[in-house]
Every structure is written in structure tokens, then in C-alpha cells.
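S.K.: I am attaching a structure below and will ask some questions about it afterwards.
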Amino acid sequence: ADALTELEPGAEATFLYPSGVAAISAALLAVLSPGDELLLPDSVYDPTRNFATGMLKRFGIETRFYDPMIGAGIADIISDQTRAIFMESPGSLTFEVQDIPAIVAAAKARGIVTLLDNTWATPLYFPAIEKGIDLTILACTKYVVGHSDAMMGSVTATKEMWHQLRSTSFALGQVISADDAAA
């Protein structure tokens, strides 16, 4: 966790999870409550889509899907209930690159939390926290542990989001083994 935090200039800390999907789920649950709205790119990874349209919907959280290439146009679809904008860039299956600075600017102007699945770029190619993202997520199973040694995910947070992420993750019982963390 410390090593991943060091890769993200401006980050407070990183929490580790048993999978990338667990990391995404915990991050979303840390920032959303019943009655909130989540904006999610239409090309998002299927397990993320299923979590949003399944469990989040059961909890009274609405999800609206947006064109991943919307850029600054996202400001036009933000509603009074929007509490989080999730991005995935490059897209998991379609590999489009989102205009993250434009989306972050629109979100910050309205006090909306931003989350990025940064699995494919990693902080080596896109330092998300430095670019204004609040919570950056990795499916560590891909590059970090070489796709063979361990299942693991991570969420790296800003100072403002760390306590909320950490307390939600503990409440959900999210842990990984010491052996996986050492991989």
C-alpha cells in the first residue's frame, strides 16, 4: 500500500482489497448514499456496471450512463443528486481515453467526488491524484502483481477522502493476506 501511495503524488494513503472489483465496490460505497446519483461511462467494465445497476440500485442509488468521450459536456448532465463521477480511462474493453481534466473541472465546480479506474494507465502513465482525482483504483491483478501471483485491488485516496474510504473498507471487512500484499 505504501509503495502504491508513493506512485501517486499528493495522495494520502492506499487501501488494499482482495480484487479490483472489491476495490471499486468499496470506493463507490464510501462516497454514495441512498438518493444519490452516480455518473458512469457507458463503456465501463461489466462487473462495475453490474454493481451499479444491481446493488447500488437496491440501496436507492441511481446510475446514469454517459458517453465516455463527453469531456466538458459532462457539466450538462450533472444533476442536483449527482454525488460521484466514475471514469475508466483507458476504457477496460474499448480503450477510449477520457478527457479527465475537463470532467474533473466540471465535478470540482459542483463539489462532486471523482473516481478513476486507472488500471490500464497506472500512476506511472497517469498520476491521477495529482490531476485532481479523489479516489484512484487499480485492479492490481493486472500490472502490479503480474497477472499470475495474486488477486488484489487498490484504492488510493486524497487526504480529504482517506478517512471515509478507510472506515467504509473496514466496515465491509475488506482485507488481504500478508502473502498477497508481499507479492
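The values are calculated or read from the model by the stated rules, or taken from the named source; none is laboratory data. Since we're looking at a predicted model, the values are computed, not measured. Every residue, glycine among them, receives a Cβ derived from its backbone with ideal geometry; neighbour counts consider all protein chains shown. Ligands, DNA and RNA are excluded from the accessible area calculation, which covers all protein heavy atoms including side chains. Shrake-Rupley method; radii C 1.70, N 1.55, O 1.52, S 1.80 Å.
S.K.: For Ala105, are the conditions met, namely being modelled with pLDDT under 95, part of a helix (DSSP H, G or I) and open to solvent by 50 Å² or more (accessible area, probe 1.4 Å)? So that I can check it myself, show each step before the final result.
M.R.: Numbers: modelled with pLDDT under 95: no; part of a helix (DSSP H, G or I): yes; open to solvent by 50 Å² or more (accessible area, probe 1.4 Å): yes.
When the stated conditions are applied, Ala105 does not pass them.
S.K.: Could you tell me how many of the residues in the stretch 69-95 are within 20 Å of Leu32 (Cβ to Cβ) and of a type outside the set (A, V, I, L, M)?
M.R.: Final tally of qualifying residues: 7.
S.K.: Just checking, which of Thr122, Thr94, Thr141 is among the hydroxyl-bearing types (Ser, Thr, Tyr) and under 17 Å from Arg49 (Cα atoms)? Show your work before the answer.
M.R.: Numbers: Thr122 fails: under 17 Å from Arg49 (Cα atoms); Thr141 fails: under 17 Å from Arg49 (Cα atoms).
One residue alone meets the criteria, Thr94.
S.K.: Oh, and also: Among (1) under 13 Å from the mean Cα position of the chain (by Cα); (2) of a type outside the set (A, V, I, L, M); (3) more than 23 Å from Thr168 (Cα to Cα), where does Thr48 come up short?
M.R.: (3)
S.K.: Listed residues Phe86, Phe59, Phe126; which is more than 16 Å from the chain's Cα centre (by Cα) and not β-branched (Val, Ile, Thr)?
M.R.: Details: Phe86 fails: more than 16 Å from the chain's Cα centre (by Cα); Phe126 fails: more than 16 Å from the chain's Cα centre (by Cα).
From the options Phe86, Phe59, Phe126, the qualifying one is Phe59.
S.K.: If you don't mind, there's one more thing I want to ask. For the stretch 42-82, which positions are exposed (fewer than 15 other Cβ atoms within 10 Å of the Cβ), polar (S, T, N, Q) and more than 21 Å from Gly20 (Cβ to Cβ)?
M.R.: Within the stretch 42-82, Ser79, Gln81 meet the criteria.
S.K.: Got a number for residues in the stretch 116-140 being among the hydroxyl-bearing types (Ser, Thr, Tyr), crowded, with 24+ Cβ neighbours inside 10 Å and more than 17 Å from Met152 (Cβ to Cβ)?
M.R.: Qualifying residue count for the region: 0.
S.K.: Further, regarding this structure: Is it true that some residue in the stretch 155-167 is of a type in the set (A, V, I, L, M, F, W, C), touching a Gly at 6+ places or on another chain (Cβ under 7 Å) and buried (at least 17 other Cβ atoms within 10 Å of the Cβ)?
M.R.: Looking only at the stretch 155-167, we keep the residues that are of a type in the set (A, V, I, L, M, F, W, C), and these are 155, 157, 161-162, 165.
Filter once more, keeping what is touching a Gly at 6+ places or on another chain (Cβ under 7 Å): none.
Within the stretch 155-167, none of the residues are of a type in the set (A, V, I, L, M, F, W, C), touching a Gly at 6+ places or on another chain (Cβ under 7 Å) and buried (at least 17 other Cβ atoms within 10 Å of the Cβ).
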